[in-house]
Amino acid sequence: MKKIMVVDNEPDIVDLTRTVLELGGYNVVTANSGEECLRLLEKEKVDLVLLDIMMPGMSGWDVFNRINNKKSNIKVAFMSVLEISDKRKQVLLEEGLADYIMKPFDKETLLNRVDKILEETE
C-alpha cells in the first residue's frame with residue numbers, strides 16, 4: 001500500500017485530506033510544518049508528499065527544494081490556493097514537482113491526481 005505524507009499548517013485541511021486519502025486506500029502520515037515534514041522523512045518512507053506552500057517558518061518551496069536536492073525518489077505535489085502561470089507550473093514540473101493541485105479541491109479530483117502521480121512511479 002502506498003504511503004502519502006500530508007503537510008499543511010491548517011489542521012482542518014490535514015484532517016480532510018487524510019480522510020479522503022485513507023478512504024481511497026492509502027496509508028497517510030501527517031505533518032503540520034515544513035520542519036516536521038523533514039524530520040519525519042528521516043524515519044518514514046513515503047511515496048508522495050502533498051505539500052502546502054504558504055506555511056509559517058519553512059515554506060513549501062523550501063521543503064520541496066530540500067527534498068529535490070537530496071535526489072530522493074519521493075514525489076512532491078503542491079496543494080495551494082496560490083494560482084501560478086502555466087509557464088511557472090511547467091518550470092516546476094521540469095524541476096521535479098509531480099503536480100500542482102489547487103485548493104479547494106473535491107475528493108474525486110484529489111484522488112484522481114494522486115492516483116495518476118503514483119501510477120507514474122510504478
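Rule-based calculations on the coordinates, nothing more; no lab input. Only a predicted model underlies this, so the values are computations on that prediction, with no experimental measurement involved. Here the Cβ is made from the backbone with ideal geometry for all residues, glycine too, and neighbour counts use every protein chain on show.
About the Cα centre of the chain, how large is the charge dipole given +1 on each Lys and Arg Cβ and -1 on each Asp and Glu Cβ? Please answer in debye to the nearest 20.
Values: 17 positive and 23 negative charges, 74 e Å.
Dipole size: approximately 360 debye.
If you take every DSSP beta bridge whose two residues both sit in the chain, what share of them, in percent to the nearest 5, is antiparallel?
Beta bridges within the chain, antiparallel portion: roughly 0 percent.
Considering only the Cα atoms of the chain, their convex hull presents on average a projected area of 6.9 nm². For region 2-49, the set of trypsin sites (Lys or Arg not before Pro) satisfying both a DSSP loop assignment and a count of at most 13 other C-beta atoms within 10 Å is given as Lys43, Lys45.
Of Lys89/Lys116; Lys2/Lys45; Lys2/Lys107; Lys70/Lys107; Lys87/Lys107, which sit over 20 Å apart, Cα to Cα? Can you show the working numbers first?
On the way: Lys89/Lys116 17 Å; Lys2/Lys45 10 Å; Lys2/Lys107 18 Å; Lys70/Lys107 31 Å; Lys87/Lys107 27 Å.
Among Lys89/Lys116; Lys2/Lys45; Lys2/Lys107; Lys70/Lys107; Lys87/Lys107, the Cα-Cα distance tops 20 Å for Lys70/Lys107; Lys87/Lys107.
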